[in-house]
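Structure first, commentary second.
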Protein chains: 2
Amino acid sequence: MSQNQQITSTLEPVAGNGLLHRRLFLTGGAATLGAGALGLLTARHVTAAPPPEVPEWMKAPGAPLSGYGRRSRFEAGVQRYVATPAAGTTGAGASRTPLERLNGMITPNALHFERHHSGIPDIDPEQHRLLIHGLVERPLVFSMDALHRYPMVSRIQFLECSGNSRTIIAAAPQSGTCGQLHGLLSCSEWTGIPLGVLLEEAGVDPQGRWLLMEGADAAAMTRSVPLAKAMDDALLAIYQNGEALRPEQGYPVRLFLPGWEGNISVKWLRRIAVTREPTMTRDETSKYTDLLPDGRSLMFTFEMGVKSVITSPSPGLAMQGPGLYEISGLAWSGAGRIRRVEISADGGESWAEAALTEPVLSKALTRFRLPWRWDGGSAVIMSRAVDETGTVQPTREALIAEKGTRFAYHINGIEGWQVAANNEVTNVHV
Amino acid sequence: MSQNQQITSTLEPVAGNGLLHRRLFLTGGAATLGAGALGLLTARHVTAAPPPEVPEWMKAPGAPLSGYGRRSRFEAGVQRYVATPAAGTTGAGASRTPLERLNGMITPNALHFERHHSGIPDIDPEQHRLLIHGLVERPLVFSMDALHRYPMVSRIQFLECSGNSRTIIAAAPQSGTCGQLHGLLSCSEWTGIPLGVLLEEAGVDPQGRWLLMEGADAAAMTRSVPLAKAMDDALLAIYQNGEALRPEQGYPVRLFLPGWEGNISVKWLRRIAVTREPTMTRDETSKYTDLLPDGRSLMFTFEMGVKSVITSPSPGLAMQGPGLYEISGLAWSGAGRIRRVEISADGGESWAEAALTEPVLSKALTRFRLPWRWDGGSAVIMSRAVDETGTVQPTREALIAEKGTRFAYHINGIEGWQVAANNEVTNVHV
């Protein structure tokens with residue numbers, strides 16, 4: 001079969017309601033297609049008009065160089081969704097990443113989601129100290145200068161708040177954009193010190209099995225972490241996407257536990273106590289614990305499940321009439337790499353495999369894409385991720401059957417977007 | 001051999017002047033070492049003092065959530081190095097990434113190096129148009145709305161100005177930080193449309209072999225690009241590290257040619273003309289052409305050579321006396337992946353292999369690291385990269401022997417940092 005034959009065959013639907021093969025745009029950048037083979041694309045907002053006039057901004061020299069750049073004023077509308085704090089609280093709440101306005105796998109630092117329990121402390125790194133004590137041979141206090149001397153590693157990995165996507169279990173679908181519904185989710189390159197190196201310095205007593213982690217915010221956020229995770233892949237993160245952590249991400253140093261619920265990656269880290277048992281802090285008992293239908297509670301459910309969301313098309317991004325679109329989204333799993341993402345455009349009756357953008361990294365966001373020829377009629381699009389352990393993202397129905405409707409964390413069910421003939425996209429339960 | 005024995009053996013030098021084995025910090029986060037095995041680390045700015053007092057910033061709620069975050073005021077000193085523009089020019093010049101203040105492989109957008117020929121245009125994306133014309137079946141004009149409908153790909157790749165590291169060929173070593181000397185170098189996740197898809201839409205005439213690329217800045221920056229590169233891995237980049245391109249990086253759309261000299265990735269792209277021959281523009285004849293010793297000129301030397309720099313220790317980052325350090329830096333090649341980086345701490349007499357941080361990606365920056373026990377005496381440290389084609393980063397001497405001292409681009413020779421007993425680090429020719 002020649003390359004051109006292969007491409008022609010990719011224009012045939014591979015699943016219901018117009019899904020095309022993931023190879024369509026991947027074979028040599030479409031360079032091997034005969035001229036006009038796609039056809040449908042030229043019908044877009046493309047004109048064969050005469051050359052555009054010389055715009056104003058070419059008629060005089062532009063702005064000068066700068067020490068620390070800013071984005072275009074025309075992008076000022078791309079903002080985190082800031083939830084109004086509950087009455088009587090100060091500095092507590094969350095802001096969500098506008099996933100539908102971004103592309104790729106990296107979240108820029110200024111748009112990384114936030115979750116604070118008593119606001120963002122303004123920490124002077126010269127004065128900040130990190131204490132390691134408890135069941136150790138040598139209690140130690142580190143300055144930031146000392147930490148900067150230690151060996152570092154870098155990893156691209158996601159962070160997801162365990163309360164993300166809570167609206168999935170609401171009885172009726174909630175309106176909102178992809179970011180408003182699922183934006184307690186971001187991905188960065190984290191650089192820092194393997195926690196095991198510092199614990200080794202202190203000398204952990206054989207009876208030590210857990211670590212109490214305390215943040216230097218006004219809430220003194222505290223969580224218990226199993227020693228095994230600390231020795232596995234835990235980082236004391238100091239850099240995010242190349243530069244120093246942002247204040248809302250824990251400047252000057254935070255714990256980062258890859259693949260685990262965001263809350264336990266304690267920010268503004270000031271204290272690590274080695275303990276025999278978990279400390280049962282306020283932040284792991286009154287919150288971040290899941291109430292089951294039978295009245296029991298699930299505690300220490302650290303790992304985030306396999307999950308995916310379609311970022312485009314999605315609510316707030318209007319369709320532009322029938323034609324060829326790219327369905328694009330994000331998949332991730334706390335258990336490791338994403339193995340496969342499938343997409344349905346007919347509400348789950350048939351599925352097609354999406355292309356995964358390399359590199360597909362463990363515990364990182366993975367961008368997936370699939371071409372879709374929308375016929376202009378009503379369609380329900382949805383995605384389903386499978387991770388390297390073979391675990392499949394559950395349906396909403398299966399999730400509720402297992403855990404009821406009173407739980408509030410680790411919600412990874414499949415949701416759908418309804419694409420309507422009037423070009424609008426809305427959230428639907430599927 | 002047990003794991004502990006392996007680690008003990010990594011504490012033995014693997015090359016002259018204190019270089020230790022790259023496995024030292026990579027075996028399970030040092031978790032398998034017996035308590036105190038490193039020893040040397042505890043001598044640092046670490047104290048076994050009583051717990052630090054509760055700092056001021058824990059005594060009252062902190063700052064609220066925000067739509068678009070900012071970095072800490074304590075990091076305000078981390079800035080691009082802005083070169084003073086030549087007299088009589090407006091908006092022309094370069095700023096350099098402060099490589100020695102960053103870590104990991106990603107450069108944050110606000111610190112990506114800049115090179116402008118007539119400043120940064122303030123482009124309204126609603127009004128911006130991209131024209132494809134010349135030897136095509138159908139001249140086309142694209143709005144940004146139209147471009148956003150096309151399929152996209154994402155790749156993490158470096159951009160290096162072909163004039164980077166020019167001081168290497170100066171007769172005497174120039175003083176400056178790593179960023180001041182080598183900072184026309186950055187790395188981002190670029191997301192955009194494979195250029196081949198749009199050329200396919202226009203239908204390239206079989207006689208078309210080159211593309212003229214024109215930017216919408218006041219200099220109307222123009223370069224000629226071989227069609228083969230456009231069909232290989234060229235992107236029309238729209239997103240950088242997740243968000244819309246920054247104005248100084250070509251907002252709303254730029255050409256991105258992986259592995260090639262930065263200047264040819266034309267920013268603010270407004271026009272692509274398909275031609276038979278290169279257009280021989282001002283920007284590829286009066287500049288970006290290399291004068292050889294015999295008076296001939298090398299033109300269209302697109303690909304950037306294999307290269308590496310040590311970012312730490314480096315000038316401006318004072319040493320803190322004898323002890324264990326991490327030597328860390330960046331390696332890259334326009335020809336593909338980095339295969340190996342070697343480090344010398346004795347001015348090139350002996351070499352040890354550094355650890356490469358995964359993922360090692362084609363045409364991306366690769367972070368390398370190696371532990372070093374500095375004895376406090378004078379030492380010259382240097383790095384040497386080898387790419388997947390087997391090409392070895394040349395010495396300064398070999399580079400000058402081949403190309404003389406009147407060339408100004410594609411300077412990838414090895415330079416050294418002199419670490420002195422007084423804790424200062426300076427640039428030296430090696």
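The values are calculated or read from the model by the stated rules, or taken from the named source; none is laboratory data. The structure displayed is predicted, hence computed values, not measured ones. All Cβ positions, even for glycine, are placed from backbone atoms using ideal geometry, and neighbour counts span all protein chains on display. Areas reflect the complete protein model, heavy atoms only, side chains present, ligands, DNA and RNA absent. Shrake-Rupley method; radii C 1.70, N 1.55, O 1.52, S 1.80 Å.
Looking only at the stretch A:381-396, decide whether some residue is open to solvent by 30 Å² or more (accessible area, probe 1.4 Å), in contact with a Phe, Trp or Tyr (Cβ under 8 Å, 6 or more places away or on another chain) and of a type outside the set (Phe, Trp, Tyr). Yes, because at least one residue in the stretch A:381-396 is open to solvent by 30 Å² or more (accessible area, probe 1.4 Å), in contact with a Phe, Trp or Tyr (Cβ under 8 Å, 6 or more places away or on another chain) and of a type outside the set (Phe, Trp, Tyr). For the stretch B:150-159, the criterion of a residue being of a type in the set (Phe, Trp, Tyr) and assigned by TED's automatic domain parsing to the domain that holds residue B:269 is satisfied by at least one position. In the stretch A:301-317, is there at least one residue being at pLDDT below 95, of a type in the set (Val, Ile, Thr) and on the phi < 0 side of the Ramachandran plot? Yes - at least one qualifying residue is present in the stretch A:301-317.
Can you tell which of A:247, A:278, A:293, A:313 is open to solvent by less than 10 Å² (accessible area, probe 1.4 Å) and of a type outside the set (Gly, Ala, Ser)? It is A:313. Residues considered: A:198, A:185. Of these, the only one that is more than 8 Å from every other protein chain (Cβ to nearest Cβ), more than 23 Å from the chain's Cα centre (by Cα) and open to solvent by less than 10 Å² (accessible area, probe 1.4 Å) is A:198. Counted as qualifying within the stretch B:348-419 are the strands (runs of 3 or more DSSP E) with 1 or more residues that are closer than 30 Å to residue A:360 by Cα and acidic (Asp, Glu), namely B:379-387.
Residue count for the stretch B:398-430 under the criterion of being free of Cβ contacts under 8 Å to residues at least 12 places away in the same chain and under 20 Å from residue B:161 (Cβ atoms): the result is 0. Residue selection: residue A:351 satisfies the criterion of being surrounded by 18 or more Cβ atoms within 10 Å (Cβ to Cβ), of a type in the set (Phe, Trp, Tyr) and more than 14 Å from the chain's Cα centre (by Cα). Counting only strands (runs of 3 or more DSSP E) that sit completely within the stretch A:164-278, those holding 3 or more residues that are closer than 30 Å to residue B:112 by Cβ correspond to A:185-194, A:235-240, A:254-256.
Based on this model, can you work out whether residue A:338 counts as among the hydrophobic types (A, V, I, L, M, F, W, C) and farther than 22 Å from residue A:156 by Cβ? Judged against the criteria, residue A:338 is not a match. Within the stretch B:238-259, the residues that satisfy the criterion of being on the phi > 0 side of the Ramachandran plot and within 12 Å of chain A (Cβ to nearest Cβ) are B:241, B:242, B:250. Looking across the stretch B:213-225 at every residue that is away from every other protein chain (no Cβ under 13 Å) and not hydroxyl-bearing (Ser, Thr, Tyr), the one that is surrounded by the fewest Cβ atoms within 10 Å (Cβ to Cβ) is identified as B:225. Out of curiosity, is residue B:317 assigned by TED's automatic domain parsing to the domain that holds residue B:419 and not in a loop (DSSP other than H, G, I, E, B)? Answer is no for this residue.
How about the stretch A:150-164: which of its residues are hydroxyl-bearing (Ser, Thr, Tyr) and either out of contact with any Phe, Trp or Tyr (no Cβ under 8 Å at 6 or more places or on another chain) or at the interface with chain B (Cβ under 7 Å from one of its Cβ atoms) (or both)? Passing the criteria: A:150, A:154. Read through the list (1) more than 12 Å from chain B (Cβ to nearest Cβ); (2) among the hydrophobic types (A, V, I, L, M, F, W, C); (3) surrounded by 18 or more Cβ atoms within 10 Å (Cβ to Cβ), then give the number of the only condition that residue A:172 fails. Failing condition for residue A:172: (3). Kindly establish whether residue B:274 is of a type in the set (A, V, I, L, M), at pLDDT 95 or above and under 25 Å from the mean Cα position of the chain (by Cα). For residue B:274, the condition - of a type in the set (A, V, I, L, M), at pLDDT 95 or above and under 25 Å from the mean Cα position of the chain (by Cα) - is not met.
Only residues that are assigned to a loop (DSSP other than H, G, I, E, B) and touching a residue at least 60 places away in the same chain (Cβ under 8 Å) were counted across the stretch B:279-288, and they come to 3. Taken as a whole, the condition of being touching an Asp or Glu at 6+ places or on another chain (Cβ under 9 Å), surrounded by 18 or more Cβ atoms within 10 Å (Cβ to Cβ), of a type in the set (Val, Ile, Thr) and part of a strand (DSSP E or B) does not apply to residue A:327. Being at pLDDT below 95 and closer than 30 Å to residue A:395 by Cβ is a description that applies to residue A:170.
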